[in-house]
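The values are calculated or read from the model by the stated rules, or taken from the named source; none is laboratory data. Computed from a predicted model, the values in this text were never measured in an experiment. A quick note on method: Cβ atoms are made from the backbone with ideal geometry, for glycine too, and the neighbour counts reach across all protein chains shown. Note: areas computed on protein heavy atoms with side chains; ligands, DNA, RNA excluded. Shrake-Rupley method; radii C 1.70, N 1.55, O 1.52, S 1.80 Å.
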Amino acid sequence: VVFTLDFEGRFTSINAAGERLLGYTRDELQATAFTQIATPAAEQTMREMLQRKLAGAEQQTNYEIAVNTRKGTPVTLEVSSRLIYKDHQPVGLQAIARDVTERKRAADAGRAVLEQRTATLNALPDIMFGVDEEGRIYDFHAPELGMLAVPPSRFLGKTVGEVLPPDVVEVIMLA
């Protein structure tokens, strides 16, 4: 999506991809203020990014904002924007954006699963070790570090054969 805004926040142009994504025609958007489709947080972010550019702190800013389509569906956009100049004076904003809604949903879902698994793991009272096919210890879980016979630096990255008795190694490697 490529679009431009004037300093009153009105769309001055938008490409066909933006029309499709937002569900508005170019003419409708050009008669629309950005604030009509943006969430309050997105408005604030856009204002802050504009101020940074006007203050000379940055020529281009990159950020995420949430907007709503004509149907009211929330969409997360990853935006890269810069000032538009006319006669060496800033007159507006040019932005290139891409829809990252699905990527964000997938990341949020992955975080939720990780949090759930971490909570389950932390509820277990046992010591557990992550061991790869070659018997190398790459991770561990202990409710309290005091439960370990030696500090993690003595076993992480080593094979079970380097840190445990042979009869225990045999049982672990069969698992």
Enumeration of residues in the range 128-163 that are in a loop (DSSP other than H, G, I, E, B), at pLDDT 90 or above and open to solvent by 60 Å² or more (accessible area, probe 1.4 Å): E133, E134, P151, L156, K158
Condition met for L124 (under 22 Å from F11 (Cβ atoms), out of contact with any Ser or Thr (no Cβ under 8 Å at 6 or more places or on another chain), free of Cβ contacts under 8 Å to residues at least 40 places away in the same chain and not acidic (D, E)): no
Matching residues in the range 12-42 - criterion: being under 14 Å from E78 (Cα atoms) and either touching a helix residue (DSSP H, G or I) at 6+ places or on another chain (Cβ under 8 Å) or open to solvent by less than 40 Å² (accessible area, probe 1.4 Å) (or both): G18, A38, A42
Residue count, the range 65-98 (criterion: in a strand (DSSP E or B), open to solvent by 80 Å² or more (accessible area, probe 1.4 Å) and touching a residue at least 12 places away in the same chain (Cβ under 8 Å)): 3
Qualifying residue in the range 103-111 (condition: of a type outside the set (D, E) and touching a strand residue (DSSP E or B) at 6+ places or on another chain (Cβ under 7 Å)): yes
All positions within the range 44-62 that are within 19 Å of the chain's Cα centre (by Cα) and surrounded by 16 or more Cβ atoms within 10 Å (Cβ to Cβ): T45, M46, M49, T61
Qualifying residue in the range 100-121 (condition: aliphatic (A, V, I, L, M), under 30 Å from R26 (Cβ atoms) and at pLDDT 95 or above): yes
